[in-house]
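Novice: Okay, handing you the structure first.
The values are calculated or read from the model by the stated rules, or taken from the named source; none is laboratory data. Keep in mind that this is a model prediction, so the values were computed, not measured. Reconstructed Cβ throughout: ideal geometry from the backbone, glycine too, with neighbour counts over all protein chains shown. Remember, those area values only see protein heavy atoms, side chains included, never the ligands or the DNA or RNA. Shrake-Rupley method; radii C 1.70, N 1.55, O 1.52, S 1.80 Å.
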Amino acid sequence: MPEQHEGTERHEGTAQHPAPGRPGGSRLGRRRLLRAGLGAGGALATARLLPGGAAWAAAAPDTDHGTAQYDGLWPQARRAGLRTDTAAAQVWPDWARYARIADGTFNEPADMQSYVDALKAQEVSVIELDTLLSDWLTDAQFAAHMAEVKMFTNLAHAAGLKVVMYYPSLELISPGGEKGRSFYKNDQGKNWVQRDLAGKPNVFYGSVVVWVDPGDESVWLSPNSPWRDYYLNRIKGVAATGVDGIWPDVPIYFDGVLSWCDASTWGAAAFRADTGLDLPKAQNFADPVFRRYVEWRHRNLLRFQLDIADAGRSVNPDLVTFVETVSMDYRYATSIGLDGGYLRQAPGAVSQVWEVDILGNYDGMRHATASDWVCLISMYKYARAASGTKPAWAFSYGWQADDASLVMSQLIAAGCNPYEVKTPFKNDTVDGAMRTRMYRFVRTNQAKLYDPVSIAQVGVYHSAPSRDYVAPGEGNGMYVNATAPAGIADWWGGDDPQMSCASLPWLGEFRGAVKALVYAHVPFDTVPSPGLTAEDLARFKVLLLPNLQAVSDTEAALLRGFVSAGGTIVITGPAPTALDELGGQRSEFALSDVLGLRRADPLPATRQNSYGSGSCWYVKTLPGLSYLTKTDQASADQLLTAVRQSAPPAVTLAGDRRIFLDARRLGTDTVVHLVNFSNFADTPAAFRSAPANCTLSYALPAGASVTAVTVASPDGTDPAPKAVPYTVTGSTVSVPLTVAQYSVVTITAG
């Protein structure tokens, strides 16, 4: 699956190694790898991955029993001497904020101009240049290729386009390396390789995964080994070509053939330096040292990402870095060590390209259920939130033009920048006319799409430690329907029901809370837990805390302060705040005072408790999970009653509940996004797209009057905003609309 792609895309040809017929960017789905039981990675381990690296040693907390509390990510960074004044550090150029991205490459220098011209004609503004940097290259080969990259970059700049260079960060492929010379056998690969907890090297040969051709070798390197300096020096070489950005591909502990890397001598030394602990001997979530290892890997990879960005900027201070990140809101981050939320508060011009996957490699979202579509919404909303105030670039996969444009509509509505590709590859468009039409819409309306601020008063808390430590199991939960519809091959879940988010107590509850808000047309934002600050919570009136169990003392204090200052929280599940952030049992609920409950007492089915100026609504069951699977209004009401009372939205919609609504503000304009997924049902059916009628209403601020209402859409031939009729009754503006796939409504009030 594209989402399962480890980001190690290979093109059909490169400047030095043309290979006609090579499947550019195709990757074997992780779920299929795990289901097949390949090596130690045959079972999807689900534990929590966090950060580490020798640079964090100065910030290591108390390590008694290996279960020390982590009181927030960036306070430790400050103790370690890392810059955290993110507002001053993150000045993003407009080209990155308004990017419209597409893959580009060249087989020979003579092809360069034609590639640039074709992409410019499709309204592309940023070229992701993917050539042969996946391969083992000598220094001379690398230098020669950088001269060609510079030539390509100059041509792109002359056409007004930017170039971001794709470069795998921890994988190196040796063409022909299974029987011939290879980096693992004949260079430093055997010394620098990632190893699992049993000491096995993370190296394999072609036919195991699609992106490694038969006969080729793939070796995954330890970020703590001398590979780090090797790679960072080459990053500097890329930066010297004049490219505008670096695109490091998935810095992960690859789990396709082995699980729980990196237990190499390099990884062991870094873990010991950071924690004072020896590596665990095996996967065991009951072992506090193993849980600490899970946490440490996130931090370790975070430091590597920051070092990559720093290396590029040491050559070109204007360089930006977008790290391809394949782990979304679901549980894949647990097994590969890359939690995207950790980069949110990181200093500097470094953000993510989110690899948001679809259901079928050769079907896209054409057989999605409505709940599957909600999962896609959840992933894009998470991507936008986990990138913080930085640009959030994201993959927009499609199979045919109509499903591709609907997926891209949702991506844009969530506030992400589109990188349009045809599944399962990454070097081709689904349809050139569709890409051109959608990208022209983005260009025409870019300020309205990317400059406003959210007016959502409801947040959904995404607890990374709860995701990782609550009921570890086999599935990762990317979507609901894990069973392929009849006649559809290469399905994300591989017909394994354990893969469904409905089988995961924490994730199912989180996704169900998202579904309840989407179906109620309530604007909301995801709130990622890593690096949580009071500022993150200040704009919300209500915060949903689905099945929140694992929480740090710092997080608990921030949530307590939110309620005390007048906020409302809705917390669900059988063990509210019963675990610390490393999955250890607490003797008392971290929010016992806010809940009005003690752990030793029987839990009530429901409880409302006043605390300070705010209130806490508690539900012992998992109403979100129930709503995800049954779409029963009683379960939704358990989540939404507090929302209706404490944060009634200013923007409402009368129409099919399967119309996604989001709302933002730009000056005196209220910008409302509407995406129509009403043609999806509770069971998979053939894709169709039909318009939906609805009425949008907006409660004007006191003393304000509406001066204009316009609608812009990529669905027709003209993407410019058009005035539409509206009525005003008292202080409410009503706008009747017909939404094909995507409409952006702007209400201007003065």
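Novice: If you go through the range 393-440 one residue at a time, how many are modelled with pLDDT of 95 or more, in a loop (DSSP other than H, G, I, E, B), out of contact with any Asp or Glu (no Cβ under 7 Å at 6 or more places or on another chain) and not hydrophobic (A, V, I, L, M, F, W, C)?
Specialist: Within the range 393-440, residues that are modelled with pLDDT of 95 or more, in a loop (DSSP other than H, G, I, E, B), out of contact with any Asp or Glu (no Cβ under 7 Å at 6 or more places or on another chain) and not hydrophobic (A, V, I, L, M, F, W, C) number 3.
Novice: For the range 597-626, give me the residue count where each residue is in contact (Cβ under 8 Å) with a residue 60 or more places away in the chain and surrounded by fewer than 22 Cβ atoms within 10 Å (Cβ to Cβ).
Specialist: 1
Novice: Being open to solvent by 20 Å² or more (accessible area, probe 1.4 Å) and touching a strand residue (DSSP E or B) at 6+ places or on another chain (Cβ under 6 Å) is the filter here, so list the residues in the range 738-750 that pass it.
Specialist: THR738, THR748, GLY750
Novice: What's the total number of residues in the range 472-488 that are within 19 Å of ALA686 (Cβ to Cβ) and not polar (S, T, N, Q)?
Specialist: Of the residues in the range 472-488, 7 are within 19 Å of ALA686 (Cβ to Cβ) and not polar (S, T, N, Q).
Novice: Here are ARG331, ARG384: which of them is open to solvent by less than 10 Å² (accessible area, probe 1.4 Å) and of a type in the set (Lys, Arg)?
Specialist: Step by step, each of ARG331, ARG384 is checked, and only ARG331 is open to solvent by less than 10 Å² (accessible area, probe 1.4 Å) and of a type in the set (Lys, Arg).
Novice: Hey, another quick one. Of the residues that sit in the range 449-469 and are open to solvent by less than 10 Å² (accessible area, probe 1.4 Å) and outside any helix (DSSP H, G or I), which one is farthest from VAL671 (Cα to Cα)?
Specialist: Residue satisfying both the conditions and the ranking: SER463.
Novice: Of all residues in the range 213-245 being assigned to a loop (DSSP other than H, G, I, E, B) and free of Cβ contacts under 8 Å to residues at least 60 places away in the same chain, which is nearest to the chain's Cα centre (by Cα)?
Specialist: SER222
Novice: Only one residue in ALA513, ALA486, ALA502 is assigned to a loop (DSSP other than H, G, I, E, B), of a type in the set (A, V, I, L, M, F, W, C) and either under 20 Å from the mean Cα position of the chain (by Cα) or more than 18 Å from VAL570 (Cβ to Cβ) (or both). Which one?
Specialist: Result: ALA486 is the single residue among ALA513, ALA486, ALA502 that is assigned to a loop (DSSP other than H, G, I, E, B), of a type in the set (A, V, I, L, M, F, W, C) and either under 20 Å from the mean Cα position of the chain (by Cα) or more than 18 Å from VAL570 (Cβ to Cβ) (or both).
Novice: Would a scan of the range 548-563 turn up a residue that is part of a strand (DSSP E or B), open to solvent by less than 10 Å² (accessible area, probe 1.4 Å) and either at pLDDT 95 or above or of a type in the set (Ser, Thr, Tyr) (or both)?
Specialist: yes
Novice: May I ask you to list the residues in the range 564-590 that are over 11 Å from ALA550 (Cα atoms), assigned to a loop (DSSP other than H, G, I, E, B) and open to solvent by less than 10 Å² (accessible area, probe 1.4 Å)?
Specialist: GLY567, GLY573
Novice: Restricting to the range 665-679, count the residues that are out of contact with any Cys (no Cβ under 8 Å at 6 or more places or on another chain) and either of a type in the set (Val, Ile, Thr) or open to solvent by less than 10 Å² (accessible area, probe 1.4 Å) (or both).
Specialist: Final tally of qualifying residues: 8.
Novice: Quickly run through the range 121-166 and pick out the residues that are polar (S, T, N, Q), buried (at least 21 other Cβ atoms within 10 Å of the Cβ) and closer than 27 Å to VAL212 by Cα.
Specialist: THR131, SER134
Novice: All but one of (1) at pLDDT 95 or above; (2) closer than 30 Å to TRP399 by Cβ; (3) out of contact with any strand residue (DSSP E or B) (no Cβ under 9 Å at 6 or more places or on another chain) hold for ALA686, so report the exception by its number.
Specialist: In the conditions (1) at pLDDT 95 or above; (2) closer than 30 Å to TRP399 by Cβ; (3) out of contact with any strand residue (DSSP E or B) (no Cβ under 9 Å at 6 or more places or on another chain), ALA686 misses (1) alone.
Novice: Also: From the residues in the range 217-244 that are open to solvent by less than 10 Å² (accessible area, probe 1.4 Å) and of a type in the set (A, V, I, L, M, F, W, C), which one is farthest from ALA269 (Cα to Cα)?
Specialist: VAL243
Novice: Are any residues in the range 691-727 of a type outside the set (S, T, N, Q), open to solvent by 30 Å² or more (accessible area, probe 1.4 Å), touching a residue at least 24 places away in the same chain (Cβ under 8 Å) and not in a loop (DSSP other than H, G, I, E, B), and if so, which ones?
Specialist: Matches in the range 691-727: ALA699, ALA708.
Novice: Take GLY360 and decide whether it is closer than 28 Å to ILE488 by Cα and not β-branched (Val, Ile, Thr).
Specialist: Against the criterion (closer than 28 Å to ILE488 by Cα and not β-branched (Val, Ile, Thr)), GLY360 qualifies.
Novice: Enumerate the pairs (first residue in the range 92-103 and over 20 Å from ALA346 (Cα atoms); second residue anywhere and modelled with pLDDT under 95 and open to solvent by 30 Å² or more (accessible area, probe 1.4 Å)) with beta-carbon separation below 9 Å, excluding pairs fewer than 6 apart on the same chain, so at least 6 apart or on different chains.
Specialist: ASP103/PHE425; ASP103/ASN427; ASP103/ASP428
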